[in-house]
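See below for the structure under consideration.
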Amino acid sequence: MKLLVLFYSTYGHVYRLAQAIAEGAREVPGVNAVIKRVPETLPASVIQEMGATEAQKAFADVPIASVDDLAEADAIVFGTPTRFGNMAGQMRQFMDATGGLWAKGSLVGKVGSVFTSSATQHGGQESTILSFHTTLLHHGMVIVGLPYTFQGQTRIDEITGGSPYGTSTIAGGKGERMASENELAAARFQGRHVAQIAKKLSS
């Protein structure tokens, strides 16, 4: 069974979560978890002005996905930073190119799940995931979130991302905060949970 972790990341926060999602999925026997990224749409000069050039070198070797990769996967976990409460434009552009898959019903019945990152604690994490779900529902996907059986999302002893809608992390206004161990644990849980459900559906 093939699980695709498809992400866009500017400073590496979403990429780190993508790695943890894949780690969790690979704990399920028979699951092949693959990480791919959507194409960057910003010019290199803009990326440099944003101070993201060095950060993006960490995942420059990750293969760029095509829309056909979605059709070939049994489950897809999408990762995107928050942009004003919605998915990033790079992810939106990629998803807008999936009309051919929609016309064929290629994603109907496949498991879909979402994770995200925002600069601040209440920076639109939940609305980003929920608004992403709309696209997945139009494709007929079976949405899976992060259930409360991952008890780390109920912690109040530290600032942490995560909700029943999916894993999230808080990056800080300057991108100075990387995912905490609790947030990475949430990502691994979500990856494992998605893989387990997809495996049941495909059997």
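Being over 26 Å from Gly12 (Cβ atoms) and touching a residue at least 12 places away in the same chain (Cβ under 8 Å) is the filter here, so list the residues in the stretch 85-103 that pass it. Once the filter is applied, which keeps residues that are over 26 Å from Gly12 (Cβ atoms) and touching a residue at least 12 places away in the same chain (Cβ under 8 Å), the stretch 85-103 yields Gly100, Leu101, Trp102. For the stretch 8-28, the candidate set comprises residues that are β-branched (Val, Ile, Thr) and in a loop (DSSP other than H, G, I, E, B); within that set, the residue that is nearest to Ala195 (Cα to Cα) is Val28. Do the conditions hold for Gly173, that is, is it out of contact with any helix residue (DSSP H, G or I) (no Cβ under 8 Å at 6 or more places or on another chain), at pLDDT below 95 and among the small types (Gly, Ala, Ser)? Considered against the rule, which asks whether it is out of contact with any helix residue (DSSP H, G or I) (no Cβ under 8 Å at 6 or more places or on another chain), at pLDDT below 95 and among the small types (Gly, Ala, Ser), Gly173 comes out as yes.
Selection within the stretch 132-164: residues that are assigned to a strand (DSSP E or B) and of a type in the set (Val, Ile, Thr). The member of this set that is surrounded by the most Cβ atoms within 10 Å (Cβ to Cβ) is Val142. Within the stretch 94-119, which residues are exposed (fewer than 14 other Cβ atoms within 10 Å of the Cβ) and either touching a strand residue (DSSP E or B) at 6+ places or on another chain (Cβ under 7 Å) or assigned to a helix (DSSP H, G or I) (or both)? Matches in the stretch 94-119: Asp96, Gly99, Gly100, Ala103, Lys104, Gly109. The set of residues in the stretch 165-203 being in contact with a Phe, Trp or Tyr (Cβ under 9 Å, 6 or more places away or on another chain), crowded, with 23+ Cβ neighbours inside 10 Å and either aliphatic (A, V, I, L, M) or part of a loop (DSSP other than H, G, I, E, B) (or both) consists of Thr167, Ala171, Ala186, Ala187. Considering only residues in the stretch 29-72 that are of a type in the set (D, E, K, R) and in a helix (DSSP H, G or I), the one that is farthest from the chain's Cα centre (by Cα) turns out to be Glu49. The sole residue among Ile76, Ile129 that is modelled with pLDDT of 95 or more, in a strand (DSSP E or B) and not aromatic (Phe, Trp, Tyr) is Ile76.
The values are calculated or read from the model by the stated rules, or taken from the named source; none is laboratory data. This is a predicted model, so every value here is computed, not measured. Glycine also receives a Cβ, built like all others from the backbone with ideal geometry; neighbour counts cover every protein chain displayed.
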